[in-house]
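Q: The structure that follows is given in the form of structure tokens.
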Amino acid sequence: MKYACLIYDDEKLFDAMPKDEVDAILGEYFALSDELGQSGHLLGGEALMPVSSATVVRVRHGRTSTTDGPYVETKEQLGGFFLIEARDLDEAIRIAARIPSARFGSVEVRPVMEFER
Amino acid sequence: MSDLGDRSGDPVRDRLDAVYRLESRRVLATLIRLLGDFDLAEEALHDAFRAAIEQWPQQGIPEQPRAWLVSAGRFKAIDSLRRRSRFDASLTQIAERLYSDLGDGAALDEDVEDDRLRLIFTCCHPALSADAQVALTLREVCDLTTEEIARAFLIPAPTVAQRIVRAKSKIRQARIPYQVPSREELPQRIDNVLQVIYLVFNEGYVATSGESLTRHDLCCEATRLGRLLVELLPDPETLGLLALMLLHESRRPARATTGGDLVLLAEQDRSLWDRRLIAEGLALVQRIRASRRFGPYSLQASIAAVHAASASAAQTDWAQIVAIYELLLRADPSPVVELNRAAAVAMRDGPAAGLALVEALLARGELLQYPLAHSAHADLCRRLGRTEQARASYLRALELTQQAPQRRFIERRLGELEG
């Protein structure tokens, strides 16, 4: 079963962090994605640019409006995601718990909906 | 479903009724494992008992009623899946898989005890909200109806129903596994199970106001679950929770007057305590002591055991109780435990010593909304002859207390202060 691990971080925390600490965390991220890739658990995933770069798009009554993302002000922002394959929720939780941001931010584990076509 | 028809003394019907009471939750637990779906399993359980009502009077009671019911439930589920698969082709495969698994009938009955444990752990999975865990456990493991759960927790029945439906759909959609957690995860996960059981027990125990059947039932259900867990997983904390519940429960007959007024531990008529439950509880505490491993529940059970073993309040070994509270503070620090420890210190060293601790605790501010902190403060002031302070604290406790018997108790104490 596929699960999306949505990674929420406090961007300000990273801004305030010394460079070598940020590098260490990035290193952990790379190591984890390599390992999960080799074990077949990792289907995909990306880190996202900061929310300050985000644009929100809505179409209402046929008109497209774009605004600056309102998520800058919230404490934690979506910073990236992993798409994983896991046997069940417990395995997904075990994997999510190893994502570095789980230690200072949070990781939301959501099963991926599968459609029959 | 618990009443399977009129009980006119028909031996088959009586037996069926007994089988339902004893086995229906085990059968359900196994069907959930086999079918992989709560709702499908409940429907299958229902169908299996309906088949038993029809067939047992003619064919006689099977040698292994539980295995018969599991097998009947499984066939009924396959039938129902096949019927439905006319509309949804994806179900055909599931039905075929279930059917082809049927080969070894012996496998049906193995792991049954594990199935019950699986059911408890699934219902108490930490990915479900705490409210949902309690509702689901009472519904699926204890077979309480939605209405009974609603009445016990004073919440509307539709809310309970919704929680259960949501929890079941989360189990299905997020694929919460139907299994006992691995050895590494067990300590973390067992805590949740123990907590749910204790919550169920407390809901039945603390609310002396209603004293309705359902609330007493909650205590029975909680101790029944405790016994089951001890049978399956006899580690010190599990033993401790069961001992704690049994020792608390042993005092039920002495805890309130016939008029429903609260009787404090010190004033209880100990001849009313249930000796059988005490003996069982004390034996468990012995087993824990032998293991030399203590956690929050086993320590609380040890305190309850000291009370249970004392002939009177005056003869209680308060020094030992204070010592155990100190261990408990290390294992599971909380201001409420500190408050209890202060009360025990007051019994050991006199009210002034206790009062100093309670006042320091209140000064920290964490317990300002906790009525028992104010009534403890009031009680110690009363014993020291500080009437004005006692009155003020009783009044504060009265403002915060929701329970009718608690309120009557405080009002009585206030009346005595006037006299």
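The values are calculated or read from the model by the stated rules, or taken from the named source; none is laboratory data. This one's a predicted model, so the numbers in the text were calculated from it and none came from an experiment. Positions of Cβ are generated from backbone atoms using ideal geometry, with glycine treated the same way; all protein chains shown enter the neighbour counts. Please note that ligands, DNA and RNA were not included when accessible areas were found on the heavy atoms of the full protein model with its side chains. Shrake-Rupley method; radii C 1.70, N 1.55, O 1.52, S 1.80 Å.
Q: Expressed as an acute angle from 0 to 90° and rounded to the nearest 10, what is the orientation of the C-alpha long axis of helix B:371-383 relative to the principal long axis of chain B?
A: Value to nearest ten degrees: 30.
Q: While we're looking at this one, here's another question. Straight-line reach from B:Lys170: which lysines have a Cα under 19 Å away, not including same-chain ones fewer than 8 places off?
A: A:Lys2
Q: Picking from B:Pro296, B:Pro351, B:Pro156, which is most flexible by a Gaussian network model of chain B using Cα springs under 10 Å?
A: Comparing B:Pro296, B:Pro351, B:Pro156 in a Gaussian network model of chain B, the most mobile one is B:Pro156.
Q: Percentage of Cα-Cα pair distances in segment B:247-287 greater than 16 Å, rounded to whole percent? It would help to have the intermediate numbers written out before the result.
A: Details: 306 of 820 pairs.
Percentage above 16 Å: 37.
Q: Could you please state how large a percent of the accessible area of the protein assembly as shown is carbon and sulfur, counting protein chains only and using a 1.4 Å probe?
A: Details: 14720 of 27820 Å².
Roughly 53 percent, rounded to a whole number.
Q: Shifting gears a bit: Note down the Stokes-Einstein diffusion coefficient of chain A in µm²/s, whole number, using a Kirkwood radius over alpha carbon pairs, 10 °C, and 1.306 mPa s.
A: It comes out at roughly 101 µm²/s.
Q: Still on this structure, please answer the following. Can you compute the modelled spin-label distance between B:Asp17 and B:Glu185, with each label point 7 Å from Cα toward Cβ, in nm?
A: Computed distance between label sites B:Asp17 and B:Glu185 equals 4.2 nm.
Q: How large is the accessible surface per residue of chain B, computed with a 1.4 Å probe and reported in Å² as a whole number? Mind dumping the intermediate values first?
A: Values: 20000 Å² over 419 residues.
Ligands and nucleic acids excluded, the result is 48 Å² per residue.
Q: With everything on Cα atoms, drop me the angle between helix B:404-418 and the longest principal axis of chain B, reported from 0 to 90° to the nearest 10.
A: 10
Q: Suppose each label sits 7 Å from its Cα in the direction of the beta carbon; what would the B:Gln195-A:Val22 distance come out to in nanometres?
A: Taking the two extended label points, one gets 3.6 nm.
Q: How big is the shadow of the Cα convex hull of chain B, averaged over all directions, in nm²?
A: Numbers: hull surface 97.3 nm².
The number I arrive at for chain B is 24.3 nm².
Q: Evaluate the distance, in nm, between pseudo-label points positioned 7 Å from the Cα of A:Glu35 and of A:Lys75 along their respective Cα→Cβ axes.
A: 2.8
Q: Can you tell me what percent of all Cα-Cα pairs in segment B:349-417 are more than 13 Å apart?
A: Pairs farther apart than 13 Å: 60 percent.
Q: Separate question: Rounded to the nearest 100 Å², what is the sum over both chains of accessible area buried where A meets B, with a probe of 1.4 Å? Let's see the in-between values first.
A: Numbers: alone 8240 and 20410 Å², together 27820 Å².
For chain A against chain B, roughly 800 Å² becomes buried.
Q: Pick from B:Leu282, B:Leu34, B:Leu328: which is most flexible by mean-square fluctuation in a GNM of chain B where alpha carbon atoms under 10 Å apart are linked?
A: Taking springs between Cα atoms under 10 Å, the residue moving most is B:Leu34.
Q: Taking only Cα atoms and a 10 Å spring cutoff, compute GNM fluctuations for chain B and point out the largest among B:Arg292, B:Arg348, B:Arg139.
A: Of B:Arg292, B:Arg348, B:Arg139, the most mobile in the Gaussian network model is B:Arg292.
Q: If I fit a long axis through the Cα atoms of helix B:157-173 and take the longest principal axis of the Cα atoms of chain B, what angle between them do I get, 0 to 90°, rounded to 10?
A: Between helix and principal axis, roughly 60 degrees.
Q: Can you list the residues of segment B:308-344 with backbone N under 18 Å from a point 7 Å past the Cα of B:Glu267, pointing along Cα to Cβ?
A: Counting only backbone N, you get B:312-315.
Q: Count, for each residue of A:90-97, the Cβ atoms from other chains sitting within 10 Å of its Cβ, then give me the mean as a whole number.
A: On the way: counts 10, 2, 3, 6, 3, 0, 0, 0.
If you average over the peptide's residues, the count of other-chain Cβ atoms is 3.
Q: Tell me the net charge near B:Ala344. Cut-off is 11 Å between Cβ atoms, B:Ala344 excluded, with +1 for each Lys or Arg and -1 for each Asp or Glu. Present the calculation step by step, with values, prior to reporting the outcome.
A: Details: positive: B:Arg341, B:Arg348; negative: B:Asp317, B:Glu326, B:Glu338, B:Asp349.
Counting the neighbours of B:Ala344, the net charge comes to -2.
Q: Sorted by accessible area (1.4 Å probe), largest first, how do B:Leu277, B:Leu395 line up? Kindly include the intermediate steps, with their values, before the conclusion.
A: Details: B:Leu277 25, B:Leu395 85 Å².
The most accessible residue leads, giving B:Leu395, B:Leu277.
Q: Compute the accessible area per residue over chain A, keeping the other protein chains in place, probe 1.4 Å, unit Å². Walk me through the numbers before you get to the answer.
A: Values: 7820 Å² over 117 residues.
That works out to 67 Å² for each residue.
Q: Please report, to two decimal places, log10 I(q)/I(0) for segment B:261-419 at q = 0.12, 0.15 Å⁻¹ as given by the Debye formula with identical point scatterers on the Cα atoms and no solvent.
A: -0.59, -0.90
Q: Less than 15 Å Cβ to Cβ from A:Leu36, Lys/Arg counted +1 and Asp/Glu -1: what total charge do the surrounding residues give? Working shown, then result.
A: Values: positive: A:Lys2, A:Arg87, A:Arg94, A:Arg98; negative: A:Glu28, A:Asp34, A:Glu35, A:Glu46, A:Glu85, A:Glu91.
Its environment carries a net charge of -2.
Q: Could you bin all the Cα-Cα distances of the protein assembly as shown into 20 Å bins starting at 0 and give me the percent of pairs in each, rounded to whole numbers?
A: P(r) over the protein assembly as shown, rounded to whole percents: 17, 42, 33, 9, 0.
Q: Cβ neighbours within 10 Å, averaged per peptide: list A:20-29, A:36-45, B:161-170 in order, most packed at the top.
A: Values: A:20-29: 12.8, A:36-45: 14.3, B:161-170: 17.8.
Taking the mean over residues of other Cβ atoms within 10 Å, the ranking is B:161-170, A:36-45, A:20-29.
Q: To continue, here is another question. Would you tally the net charge around B:Gln188, using a Cβ to Cβ cut-off of less than 13 Å, leaving B:Gln188 out, and scoring K and R as +1, D and E as -1? Numbers along the way, then the final one.
A: Values: positive: A:Arg94, B:Arg183, B:Arg189; negative: A:Asp90, B:Glu184, B:Glu185, B:Asp191, B:Glu237.
Net charge around B:Gln188: -2.
Q: Can you give me the Cα centroid spacing of segment B:123-138 and segment B:161-196 in angstrom?
A: Centre-to-centre (Cα) distance: 7 Å.
Q: Just to be sure I understand the interface: list residues from segment B:157-179 that lose 20 Å² or more of accessible area between the chain on its own and the complete protein assembly, 1.4 Å probe.
A: B:Gln173, B:Ala174, B:Arg175, B:Pro177, B:Gln179
Q: Can I ask one more? Taking all protein chains together and a probe of 1.4 Å, list B:His248, B:His125 from the most accessible to the least accessible. Spell out each step's value before the answer.
A: On the way: B:His248 40, B:His125 0 Å².
Correct descending sequence by accessible area is B:His248, B:His125.
Q: When the helices in chain B are scored as -39500 (n - 2.57) per DSSP H run of 4 or longer and the sum is shared across all residues, what 222 nm value do you end up with, to the nearest 500 deg cm²/dmol? Spell out each step's value before the answer.
A: On the way: 19 runs with 294 residues, N = 419.
It lands at -23000 deg cm²/dmol.
Q: List the relative contact order of chain B as a percent without decimals, with contacts defined as Cα pairs under 8 Å and 6+ residues apart.
A: Working: 495 pairs, mean separation 36.1, N = 419.
It rounds to 9 percent for chain B.
Q: Calculate the length of the line joining the C-alpha centroid of segment A:1-47 to that of segment B:248-275, in whole Å.
A: 58
Q: Please give the solvent-accessible surface of B:Trp68 in Å², to the nearest 10, using a probe radius of 1.4 Å with every protein chain present.
A: 60
Q: Return the calculated 222 nm mean residue ellipticity for chain A, to the nearest 500 deg cm²/dmol, obtained by summing -39500 (n - 2.57) across DSSP H runs with n ≥ 4 and dividing by the residue count. List each step's numbers first, then the result.
A: Values: 3 runs with 34 residues, N = 117.
Computed ellipticity for chain A at 222 nm equals -9000 deg cm²/dmol.
Q: Sort the following peptides by mean Cβ neighbour count (other Cβ atoms within 10 Å, averaged over residues), highest first: A:10-19, B:127-136, B:402-411.
A: B:127-136, B:402-411, A:10-19
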